[in-house]
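Below is one structure, written out as structure tokens; comments come after it.
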Amino acid sequence: MPAIGSRGQPELFGRQKRTHGYQVVYFPDPKKPNADMEVMEQLLLDQFLTLPGFAHIRDRNFGRIDGTLTLDFNIVLWVQPVDDAVKLKNMEYHGVIANGSK
């Protein structure tokens, strides 16, 4: 599902706080649309809280437009650049400890 909007805020050490907005449209049963939308809205309020292993759902807003139930929500991610530089693997020490002791 493509995001309908995104924004990023820079933070310390090259990190960013990124917010991505999404919208889901639910088409209810045409025989009982209001009751069906009410049940679905309550179900989503109770159970649509996270995308497991990925992100928490934030800023959920429901609306009813032209006989459909819409849900607008955001996910917030904190990202940082990948550092592929070679890290120090070991350290060689040449010297003595104070007072001439080893």
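For the reader, a short list of remarks on this structure follows.
- Taking a sphere under 14 Å around the Cβ of MET37 and counting the other residues whose Cβ falls inside, with K and R at +1 and D and E at -1, yields a net charge of -2.
- Using θ = phi - 60° and Karplus 6.51 cos²θ - 1.76 cosθ + 1.60, couplings along the stretch 50-65 (whole Hz; Gly, Pro as x): 9, 9, x, x, 10, 6, 8, 7, 10, 6, 6, 9, 9, x, 10, 10
- Loop trypsin sites (Lys or Arg not before Pro), the stretch 3-55 (other Cβ atoms within 10 Å of the site Cβ: 13 or fewer; DSSP): ARG15, LYS31
- Acute angle (nearest 10 degrees) that the helix 33-47 long axis makes with the longest principal axis of the chain, alpha-carbon atoms: 20 degrees
- Of the labelled figures (i) 82, 55, 27; (ii) 41, 29, 22; (iii) 91, 24, 19, only one reflects Cα extents along the principal axes in Å as derived from the coordinates, namely (iii).
- Of the chymotrypsin sites (Phe, Trp or Tyr not before Pro) in the stretch 53-102, the ones in a loop by DSSP (not H, G, I, E or B) with at most 16 other beta carbons within 10 Å are PHE54, TYR93.
- The loop-placed trypsin sites (Lys or Arg not before Pro) in the stretch 56-96, going by DSSP, that have at most 11 neighbouring Cβ atoms within 10 Å of their Cβ come out as LYS87, LYS89.
- Between the residues VAL86, PHE73, VAL96, the greatest Cα displacement towards the positive end of the dipole of the stretch 27-102, with unit charges on the Cβ of Lys, Arg, Asp and Glu, is found for VAL96.
Readers should treat all values here as calculations from the given coordinates under stated rules, not as data from a laboratory. On a predicted model such as this, the values are computed, not experimentally measured, just so you know. Ideal geometry is used to build each Cβ from the backbone, glycine not excepted, and the neighbour counts take in all protein chains shown.
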